[in-house]
Every structure is written in structure tokens, then in C-alpha cells.
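Input: a single structure, listed below in C-alpha cells.
The values are calculated or read from the model by the stated rules, or taken from the named source; none is laboratory data. No experiment lies behind these values; they were computed from the predicted model shown. Neighbour counts are summed over all protein chains in view; Cβ atoms, including those assigned to glycine, are modelled from backbone coordinates with ideal geometry. These accessible areas exclude ligands, DNA and RNA; they are computed on the full protein's heavy atoms, side chains included. Shrake-Rupley method; radii C 1.70, N 1.55, O 1.52, S 1.80 Å.
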There are 4 protein chains.
Amino acid sequence: MNPEPEPPAQESRIRASFASQGLMRTLGATLTRIAPGEVDITMPPTPAISQQHGFIHAGAVAAIADSAAGYAALTLMPPNRGVLTAEFKINLLAPATGDLILARGRVIKAGRTLTLAQAEIVSQTGGQQKLIAHLTATLMSIEGRAGITD
Amino acid sequence: MNPEPEPPAQESRIRASFASQGLMRTLGATLTRIAPGEVDITMPPTPAISQQHGFIHAGAVAAIADSAAGYAALTLMPPNRGVLTAEFKINLLAPATGDLILARGRVIKAGRTLTLAQAEIVSQTGGQQKLIAHLTATLMSIEGRAGITD
Amino acid sequence: MNPEPEPPAQESRIRASFASQGLMRTLGATLTRIAPGEVDITMPPTPAISQQHGFIHAGAVAAIADSAAGYAALTLMPPNRGVLTAEFKINLLAPATGDLILARGRVIKAGRTLTLAQAEIVSQTGGQQKLIAHLTATLMSIEGRAGITD
Amino acid sequence: MNPEPEPPAQESRIRASFASQGLMRTLGATLTRIAPGEVDITMPPTPAISQQHGFIHAGAVAAIADSAAGYAALTLMPPNRGVLTAEFKINLLAPATGDLILARGRVIKAGRTLTLAQAEIVSQTGGQQKLIAHLTATLMSIEGRAGITD
């Protein structure tokens with residue numbers, strides 16, 4: 001989605017940070033879009049992330065949604081500041097099934113100390129999309145703590 | 001809390017259901033305690049469940065906390081009813097590190113349609129425990145839907 | 001906002017229900033817009049609804065936001081069904097001040113048992129609007145319980 | 001918990017702050033207990049705080065619960081720091097009715113920037129108590145902003 005040969009610094013920073021999240025690799029998640037205040041993450045359903053009824057576990061859905069919301073917040077932070085999730089809330093609206101799960105993170109309000117972001121999580125089946133979950137997250141901006149910058 | 005030599009049906013049902021959650025196996029989680037209205041789950045920190053600063057990812061913490069809360073609710077359900085998480089909210093209070101993460105699920109109010117449960121998540125380091133996260137979850141009781149009984 | 005001489009049944013039902021909410025009258029709140037899946041409520045700042053710093057109390061903001069979300073859900077319910085708030089979550093983004101507070105309720109996903117709605121709360125000062133709070137609410141649909149139909 | 005004949009400065013500070021909350025007066029709420037990390041607030045049901053079914057409006061319940069949680073946090077703050085609610089989440093477990101509503105605020109984890117508090121809300125009818133709602137709130141500690149010290 002970015003035709004330029006060299007990605008901007010903000011995008012590189014977020015791709016590097018995402019690559020260092022062991023959980024995202026374990027879940028099979030991919031960072032598919034970065035824009036100012038917006039980040040998309042996708043994840044394919046596999047038995048490795050299931051709950052007892054065969055659907056994707058709410059925890060796996062929450063994990064990519066939290067990362068999408070957090071990285072959406074990070075796109076708006078200066079290079080010397082990182083973010084930590086202070087809290088999040090997720091509503092599970094339908095069983096997580098389908099060909100692919102997509103979490104679309106978006107900043108609602110960026111603040112000096114706290115940022116509110118949300119993520120809409122949709123399942124894609126064939127050419128169709130269905131809203132399956134909705135998350136809001138409060139991210140805390142941190143600076144100069146143990147070298148945290150992402 | 002259970003002096004009987006053979007685990008009751010309720011405990012077997014929950015152990016079988018937990019064993020079928022692919023995500024719990026992927027995260028390395030273990031079901032360590034079942035009592036009426038209460039379930040404990042533990043998880044060791046590994047690089048496979050990390051976030052970008054090397055702590056355990058909030059999504060992994062949320063996943064075991066959601067399962068602990070959900071199974072705490074299931075202990076109070078009759079055999080023909082299962083539960084689904086309708087929503088949960090988690091506050092991350094301190095970085096998730098240490099030797100072991102323990103999520104203690106407990107039912108606050110069991111209702112006909114909706115049950116409120118919470119989980120306290122502590123990190124154990126040496127002999128010490130520290131509260132690192134707090135979750136509340138709303139579980140919806142379901143019956144006769146596609147054979148769901150857990 | 002409705003040029004027709006006779007408001008539709010759904011609108012009458014919601015106006016009558018709103019008029020019976022003693023708290024809305026006590027807070028000085030007004031129902032200003034009804035559309036399918038959407039309801040707006042406004043409230044002027046007064047000392048009667050203040051917190052200790054002179055801003056509007058988060059509880060008053062939450063009250064009109066909860067009503068806006070709940071009535072947005074009710075617009076999509078058949079005549080014999082009412083709604084009760086099962087839970088809500090509100091993020092307070094900026095002090096609630098200004099000439100008028102406006103809560104815009106909107107349904108995100110309408111379900112058979114549970115409906116997810118949100119409300120954006122803005123303060124209006126002069127001709128400008130500022131987002132001051134964001135609420136998500138889970139509404140439970142109820143039928144035939146003690147004659148509840150709103 | 002305080003054997004001294006004269007209330008400590010912390011208690012005076014909180015009583016003065018509560019007295020300046022116009023909304024608490026409007027709702028008929030009373031501050032009934034202050035201890036380190038704990039504050040109780042009561043409110044009698046009246047038509048002035050009702051919702052459409054004659055129960056107490058969730059917004060009024062949330063308002064006293066938010067104040068109870070916030071003042072519980074304030075009991076642990078030094079004199080030059082105040083608190084603002086960053087977000088709260090409330091689960092409504094049963095209709096709010098009875099002779100008196102009691103919100104018991106309690107700090108779960110006090111932090112430098114953010115404090116997590118909860119409130120259990122019970123209805124008292126005759127000599128019996130029933131849990132009707134449960135709130136968790138994130139309070140942000142503020143210092144030196146426009147003279148805010150409560």
C-alpha cells in the first residue's frame with residue numbers, strides 16, 4: 001500500500017516493534033497496514049488459537065486488537081516515546097470464524113499522557129466481512145523508562 | 001476443597017473443555033485449580049508470548065484471565081448449558097514478568113442469562129506475588145445451540 | 001427535525017419513555033434527535049451537576065450517554081421488547097465544560113439478546129465541538145417481564 | 001479505624017471536596033465512611049433519579065460509584081495531588097431498588113500516575129443487602145494543574 005521504495009521512519013519503527021512481539025508470531029498475525037493513527041493486523045484461524053467450541057479464542061482476538069490499537073497510537077508518538085496498554089475492553093459480538101480475522105486499530109483521541117484508541121475486528125469469509133468484536137483501549141505514553149521507545 | 005478420591009463430574013467437564021482450547025496449549029497455560037465458582041490458570045513467561053519490551057503481551061495475560069473467569073462461571077452451570085464471553089475489561093497494572101503468571105477467576109454474580117466474573121492476575125517471583133492485572137468479564141449462558149455444553 | 005405532522009410510533013414510544021426518566025429531568029437533559037439506531041441527548045452545564053473542580057460530574061455525562069445508547073438500541077426493538085443496560089464503559093477524555101453537552105448514541109451491532117451501542121459525547125462552545133468522552137454499552141433485550149416494553 | 005477525636009486532615013479534605021460536588025447533593029447522596037483506600041456513599045431511591053421502569057437510573061448508580069472509587073483513591077494521595085477519572089466500567093447486575101443504595105469504593109492498586117479502584121454497589125431492603133452493580137475505575141493523579149488538589 002506504500003509505493004515508495006523506502007518506507008518512512010515511523011513505519012519502519014512500527015514494523016520493527018511488531019516483529020519483536022513474540023506473541024504476534026506465535027498467533028500467526030501479520031501487520032498489513034500502517035497510516036497515521038491507523039494500523040491493521042490480520043490473523044488466520046488455526047486450531048492453535050481455538051477455544052473449546054472450535055471458534056478462535058477471545059484472547060487471541062483481543063491480542064491482535066490490542067496490538068492494532070496500540071500501534072495506531074504509536075504512529076502518533078514522537079521517536080522518543082513508547083506506549084503501554086493501561087486497560088482495554090472488548091465486546092465479542094459473534095463467534096470468531098471465517099477465512100481471516102482483521103483488526104482495524106484507530107486512534108480516537110491522542111493525549112499527552114493517555115490516548116484512547118479503538119479496534120473493529122471483522123471476519124472475512126469469501127468476499128464478505130462481518131463485525132465480530134469491538135475493542136477500546138487506553139494507552140499510556142511513556143518516555144525515558146528503561147529505554148522504551150515503542 | 002474436594003476430599004473425594006474421584007474428581008466430580010463438574011471438574012472432569014472443565015478439564016476436558018480446557019484441554020480442547022488450542023490457545024491454552026499454545027500459550028503453555030495449565031489449569032491448576034477448580035472449585036465451585038473459582039478456577040486458577042497459570043502460564044510461564046516465554047519469548048513466544050512476549051510484547052515488544054520483552055514483557056508478556058497483554059493479550060496473553062487477557063487470554064488466560066478470560067479463560068479463568070469463563071471456567072469459573074462454567075463451574076456453576078448445569079450440564080446442558082455452556083458459556084460464551086460477551087465482553088471483558090482488563091486493567092494492566094504492572095509489566096507482566098516473573099517466574100510464573102497466575103490468573104485467579106472467581107464468579108461475582110451468577111445470573112440466568114448473564115454471569116459476572118473477575119480474575120486477579122498475579123506474577124510470582126521467588127516466593128513473592130504481585131498483582132499485575134485485573135479483569136472483569138460478562139459471560140452469557142447458552143443452551144441447546146449447536147450442542148454447546150461448555 | 002421531523003416535518004411530518006404525526007411522529008411515527010417508534011419516536012412517540014421513545015419520547016414517552018424518556019419523559020418518564022426522572023433522572024433526565026433532574027439533570028436538565030433533552031432528547032433532541034431520534035433516528036433508526038441513533039438518539040441524541042443534550043444537557044446544559046449547571047452547578048447542580050458539577051464535580052469538585054467545577055466541571056460536569058462524570059456521572060452526569062455517563063447518565064445521558066447511557067440513555068442515548070440505550071434509546072438508540074430501543075429504536076430497533078419491536079414494540080413488545082424493552083432494553084436494560086447490562087454494562088457500560090466510559091472514557092473521559094477532557095473536562096466536561098462548555099455551553100452544552102451533546103451525547104450521540106448509535107447502535108454498533110443489534111443482536112437477539114444483546115445489543116452493542118456507543119455514544120460520543122462532545123462539548124459545544126461557541127460554534128465549536130470537542131470530543132470529551134466515549135461510551136460503549138451492552139443492552140439486554142427483555143420481553144414480557146413485568147410489562148417492560150421500553 | 002481512626003481512634004482520634006478529631007478527624008484527620010485527609011478526612012476533612014475529602015468531606016470538603018464531596019460537599020462541593022453539586023451532583024452528589026442533587027442526587028441526595030451522603031458520604032458515610034472514609035478510611036485509608038476506602039470510601040462509602042449512600043443514596044436513597046427517589047423519583048428524581050429514576051429510569052423509565054421506576055428503578056434507579058444506571059447513571060445515578062454509576063455517579064455515586066464513581067465518586068466512591070475516586071475518593072477512595074484520593075485518600076491515598078498527598079495533599080498537593082488530586083484525581084480525575086480517566087475511565088470507568090460498570091456492570092448492572094440487578095434492578096436498583098430498595099430502601100437505600102450503598103456504594104463501597106476501594107483501591108485495588110495505587111500507582112504514581114494511574115490508580116485502579118473498584119466499587120461494589122448494594123441495595124439495602126429491610127435488614128438485607130443485595131449486590132446490584134460492580135464498577136472499576138482508573139483514576140489519573142494530577143498535580144499543579146489549575147490548583148487542583150482534590
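Yes/no per residue for (1) open to solvent by less than 20 Å² (accessible area, probe 1.4 Å); (2) touching a strand residue (DSSP E or B) at 6+ places or on another chain (Cβ under 7 Å):
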{"position": "B:19", "(1), (2)": "no, no"}
{"position": "B:23", "(1), (2)": "yes, yes"}
{"position": "B:28", "(1), (2)": "no, yes"}
{"position": "B:41", "(1), (2)": "yes, yes"}
{"position": "B:45", "(1), (2)": "no, yes"}
{"position": "B:75", "(1), (2)": "yes, yes"}
{"position": "B:83", "(1), (2)": "yes, yes"}
(message) For residue A:143, only one of the following conditions fails: (1) closer than 30 Å to residue B:24 by Cα; (2) within 14 Å of chain B (Cβ to nearest Cβ); (3) among the acidic types (Asp, Glu). What is its number?
(response) (1)
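Being of a type in the set (Lys, Arg) and more than 7 Å from every other protein chain (Cβ to nearest Cβ) is the filter here, so list the residues in the range C:75-90 that pass it. Walk me through it before giving the result.
Going through the range C:75-90, the residues of a type in the set (Lys, Arg) turn out to be C:81, C:89.
C:81, the sole residue that qualifies.
Checking the conditions here, which among B:82, B:127 is among the small types (Gly, Ala, Ser) and touching a His at 6+ places or on another chain (Cβ under 8 Å)? Steps first, answer last, please.
Details: B:127 fails: touching a His at 6+ places or on another chain (Cβ under 8 Å).
The match here is B:82.
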(request) Look at the range C:107-130 and say how many of its residues are more than 18 Å from residue B:88 (Cα to Cα) and part of a strand (DSSP E or B). (result) 11
(request) Search the range B:34-62 for residues that are farther than 24 Å from residue A:17 by Cα and pair each with any residue that is open to solvent by 20 Å² or more (accessible area, probe 1.4 Å) and among the aliphatic types (A, V, I, L, M) when their beta-carbon atoms are under 6 Å apart and the residues are at least 6 apart or on different chains. (result) B:35/B:1; B:37/B:76; B:37/B:107; B:42/B:100
(request) Give me a count of the residues in the range A:94-122 that are without any contact (Cβ under 8 Å) to a residue 60 or more places away in the chain and open to solvent by less than 40 Å² (accessible area, probe 1.4 Å). (result) 13
(message) For the list (1) within 10 Å of chain B (Cβ to nearest Cβ); (2) more than 28 Å from residue D:55 (Cβ to Cβ), I need the number of the one condition that residue D:118 fails.
(response) (2)
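Quick one: in the range C:131-150, which of the residues that are outside any strand (DSSP E or B) and either open to solvent by 40 Å² or more (accessible area, probe 1.4 Å) or in contact with an Asp or Glu (Cβ under 6 Å, 6 or more places away or on another chain) (or both) is modelled with the highest pLDDT?
C:149
Residues of the range A:75-104 being closer than 22 Å to residue D:137 by Cα and among the basic types (Lys, Arg), which ones? I'd like the intermediate steps shown before the answer.
The first filter runs over the range A:75-104 and keeps only residues closer than 22 Å to residue D:137 by Cα, leaving A:83-92.
A:89 - this is the single residue of the range A:75-104 that is closer than 22 Å to residue D:137 by Cα and among the basic types (Lys, Arg).
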(request) Scan the range C:91-100 and give yes if some residue there is under 15 Å from the mean Cα position of the chain (by Cα) and within 11 Å of another protein chain (Cβ to nearest Cβ), otherwise no. (result) no
(message) Condition first: more than 9 Å from chain A (Cβ to nearest Cβ), crowded, with 17+ Cβ neighbours inside 10 Å and in contact with a helix residue (DSSP H, G or I) (Cβ under 8 Å, 6 or more places away or on another chain). Can you find one or more residues in the range B:123-130 that meet it?
(response) no
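Any residue at all in the range C:67-74 that's more than 8 Å from chain D (Cβ to nearest Cβ), of a type outside the set (Phe, Trp, Tyr) and within 17 Å of residue D:137 (Cβ to Cβ)? It would help to see each step written out before you state the result.
If we filter the range C:67-74 for residues that are more than 8 Å from chain D (Cβ to nearest Cβ), which is where we start, we get C:68-74.
Then keep just the ones that are of a type outside the set (Phe, Trp, Tyr); that gives C:68-70, C:72-74.
Of the ones still in play, those that are also within 17 Å of residue D:137 (Cβ to Cβ) are none.
Scanning the range C:67-74 turns up no residue that is more than 8 Å from chain D (Cβ to nearest Cβ), of a type outside the set (Phe, Trp, Tyr) and within 17 Å of residue D:137 (Cβ to Cβ).
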(request) Output the number of the condition that residue C:53 fails; it satisfies all remaining conditions of (1) surrounded by fewer than 24 Cβ atoms within 10 Å (Cβ to Cβ); (2) farther than 28 Å from residue B:87 by Cβ; (3) within 13 Å of another protein chain (Cβ to nearest Cβ); (4) touching an Asp or Glu at 6+ places or on another chain (Cβ under 7 Å). (result) (4)
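If I ask for residues that are over 25 Å from residue D:117 (Cα atoms) and either aromatic (Phe, Trp, Tyr) or touching a helix residue (DSSP H, G or I) at 6+ places or on another chain (Cβ under 6 Å) (or both), which ones from the range B:131-150 would you list?
Taking the range B:131-150 and keeping what is over 25 Å from residue D:117 (Cα atoms), we get B:140-150.
Across the range B:131-150, the qualifying residue is only B:150.
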